[in-house]
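Peer 1: Pasting a structure here, questions to come.
Read the figures in this text as sums done on the coordinates, not as results from a lab. Note that the structure is a prediction, hence the values are computed from the model and not measured. Every residue, glycine as well, gets a Cβ built from its backbone with ideal geometry; the counts of neighbours run over all protein chains shown.
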């Protein structure tokens, strides 16, 4: 959970909205109505999941405080099991360790009535043919980190012939361009769908936030991150974070097989620079 939630923590003071449903938990953060991120924790990720609300509770809290509290319960090299409960007597989020009979760690996080999500929308495809590509996560992060040097905005272009994705930054210090070329045997750009050239500009600080805090296991496994361009140039960046389960706590099958549901889904939505000016 710490890995997944830290991936959307791009500044020190950051508020989040949590929505609880019969399907699991969704955490939402946003900035300047230009960047929004969602972390999906499906109910299958939990040892036990009880939902008895009549509607879908939604509350606000400090993301940094929540992550720091979860870290307090974490022990290096071991699987820590905690109980998370909402609401408490005063609408708090309650956390309690359940690993040990001899000691108990307990925390209460004050929640608040959530602000209205200013940008909660259904992502729409740009046309009948999807515009997306999947690139190795480590390569995407490295390319975006390098693009900090030229300037404050990045132009991303997809062209069908030859199939390629170009990230280009221009600034007072010069220009920098990164090309991802798609071949049938490519192990870098592993998927590509685009039938006409598409180009949009995005603010660097928002683009950087989509990969800045990727968990180490995503970089180490070097799995793919999927980027989709939707209607109006809105970009969706999707990452998958493995949530491991320990055999010693009967949280996996006897064969040790990690089911596909043991994945936290992370999505970033980023508006293009032109729409920001409008």
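Peer 1: Give me the percent of Cα-Cα pairs in the stretch 1-133 that sit more than 27 Å apart, rounded to a whole number. Each step should come with its number before you reach the end.
Peer 2: Working: 2221 of 8778 pairs.
Distances greater than 27 Å cover 25 percent of the Cα pairs.
Peer 1: Counting only C-alpha contacts under 8 Å and six or more residues apart, can you give the relative contact order of the chain as a whole percent?
Peer 2: About 21 percent, as a whole number.
Peer 1: Multiplying the sequence separation of residue 242 and residue 11 by 0.36 nm and subtracting their Cα-Cα distance, what value in nm do you get?
Peer 2: Extra length from residue 242 to residue 11 when fully extended: 80.8 nm.
Peer 1: In addition: Along Cα→Cβ, 7 Å out, is where each label goes; now give me the distance between the ones at residue 2 and residue 22 in nm to one decimal.
Peer 2: About 3.4 nm, to one decimal.
Peer 1: Length gain on complete extension for the stretch residue 216 to residue 50, per 0.36 nm per residue less the alpha carbon to alpha carbon distance?
Peer 2: Difference between extended and current length: 56.7 nm.
Peer 1: Also, I was wondering about something else. How would 202, 183 line up from fewest to most surrounding beta-carbon atoms within 10 angstrom?
Peer 2: Neighbour counts put them in this order, fewest first: 183, 202.
Peer 1: Given the alpha-carbon gyration tensor of the chain, what are the semi-axes of its equivalent ellipsoid in whole angstrom, ordered largest first, with each equal to the square root of 5 times an eigenvalue?
Peer 2: Sorted largest first and rounded, they come to 36, 22, 17 Å.
Peer 1: If one takes the longest principal axis of the Cα atoms in the chain, at what angle in degrees, from 0 to 90 and to the nearest 10, does the Cα axis of helix 137-146 lie?
Peer 2: Between the helix axis and the principal axis of the chain, the angle is about 60 degrees.
Peer 1: Next question. Which of the peptides 150-160, 133-143 is most tightly packed, and how do the rest follow, judged by the mean count of other Cβ atoms within 10 Å per residue?
Peer 2: Details: 150-160: 18.0, 133-143: 19.9.
Sorting 150-160, 133-143 by mean packing, highest first, produces 133-143, 150-160.
Peer 1: On a full-extension model of 0.36 nm per residue, what is the gain between residue 98 and residue 190, subtracting their alpha-carbon distance, rounded to one decimal in nm?
Peer 2: Between residue 98 and residue 190, full extension yields 28.9 nm more.
Peer 1: Based only on other Cβ atoms within 10 Å, what is the fewest-to-most ordering of 111, 161, 210?
Peer 2: Lowest count first: 161, 111, 210.
Peer 1: Which of 47, 241 comes first, and how do the rest follow, when ranked by fewest Cβ neighbours within 10 Å?
Peer 2: Lowest count first: 47, 241.
Peer 1: With runs of 4+ DSSP H residues as the only contributors, calculate the mean residue ellipticity of the chain at 222 nm using -39,500 (n - 2.57) per run, divided by the residue total and rounded to the nearest 500. Before the final figure, lay out the partial values.
Peer 2: Numbers: 6 runs with 43 residues, N = 278.
Here the helix-only value at 222 nm equals -4000 deg cm²/dmol.
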